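Here's the structure, in structure tokens; my notes come after.
The values are calculated or read from the model by the stated rules, or taken from the named source; none is laboratory data. Bear in mind the structure is a predicted one, so any value in this text is a computation, not a measurement. We place every Cβ from the backbone using ideal geometry, glycine too, and count neighbours over all the protein chains shown. The accessibility values were calculated without ligands, DNA or RNA, using every heavy atom of the protein model including side chains. Shrake-Rupley method; radii C 1.70, N 1.55, O 1.52, S 1.80 Å.
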Amino acid sequence: MRKILLLSTLMINLLYILLLSGCGFKDIDKRFFVVGTGIDYSGDEKKPYRITIKLAVPAVSIDPGNSKSQVETINSETIAEGVRLLKAQVDKEIDFGHCNVYLIGEEMANRNIQEVVYWMSRRRDIQNVAALGIGTPTAEEIISKQPTAERFPGNSLNLFFSHDATESSFTYIELVTDLFRRINEKGLDPILPIVEIQNDTTYVINRIALLNKEKIMLILTPEESQLFNQLSGQLKVTNVYGSFSCPPYVIALNSIKTKYSISNGEQPTVKMKIKQAVTLEEVPISETNKKNDKKILTELQDAYTEKSEQLFSKIQAAGIDPFGFGLRYRATYDLNDFDENWPSIYEKLKFELDTSMKIRGSGLLR
């Protein structure tokens, strides 16, 4: 009797298995992995989104310049619908799981980035740690570029936004999760790096775009972008180049720490202390004969403070708050109707900076 029951149970289980449908999984050779995505404004109000994707084509050789990729573009009324239409242009399933870089075209960034970011945050196969940037003049041109030294499809652009290869003091790295937070958080505004093509062969990322909740309001120069990275805590170790008096001194930061508080009252003030450990990389020999290290250090501290105050004032004049002073103010003081009252407070905000440097070593003399 026990054997009959076991046999009956086994037959029933087999019948259940036959009735079950497949899970829809597709093998790796049936998938196209997206290694770069760009979204531009098409110029057509009916189909405003121009979507560009770079698909990795597997190859046996991994020598520089031999990477193979396939680029597909389409104009669409919505981003989601455009991705579905792109599936009709390829013979494999499109998978965004390996895409680490998403670019928004400059014209789109001058209009509104919110729909693009919301689509990224909702799609399940897009990583929250994927990097974003603004492609100029268009994201399509950047994504379609095939650098001569690239070994894997899309790898050159990925390395710029990772800490595995180059670490430039000019490059700001913004992730999907942080950008989504900055768009929705009161008192904190979005930041995006700008990606360009240099000499038609390589990428260059040395400028930062500062946005309100929707579009670009200010683009920083490379020197301002480097200073912004230092003050915002984006970089802990970097190089600082500045013509402080004549001839210029060159210092390298071994470490940098910023600490600030915001006072409330008729004249709200940001009091910031900047502590740095530096190395004198280049000091003209003629200057070392005239000045001691203490005097040089004083000049560098005053110059750094002045440059920082100028940067804060420039950003303040644009009416944006990428440093999050508004967020700190909300957390410190009880401010009723933040959206209505904070702009007037931020407009008259005063900045008092104090820079202190410690020399850890001397560098080259010239």
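Couple of notes before you dig in:
- Residue in region 54-67 that is buried (at least 20 other Cβ atoms within 10 Å of the Cβ) and at pLDDT 85 or above present: yes
- Residue count for region 84-110, restricted to those that are touching a residue at least 24 places away in the same chain (Cβ under 8 Å), open to solvent by 50 Å² or more (accessible area, probe 1.4 Å) and more than 19 Å from the chain's Cα centre (by Cα): 2
- Lone unmet requirement of (1) farther than 12 Å from Val270 by Cα; (2) under 27 Å from the mean Cα position of the chain (by Cα) for Gly361: (2)
- When region 208-229 is filtered for residues that are modelled with pLDDT under 95 and touching a helix residue (DSSP H, G or I) at 6+ places or on another chain (Cβ under 9 Å), the ones remaining, listed by number, are Lys213, Glu214, Glu223, Glu224, Leu227, Phe228.
- From the list Ile113, Ile143, the one residue that fits, being within 23 Å of the chain's Cα centre (by Cα), under 19 Å from Ile183 (Cβ atoms) and open to solvent by less than 30 Å² (accessible area, probe 1.4 Å), is Ile113.
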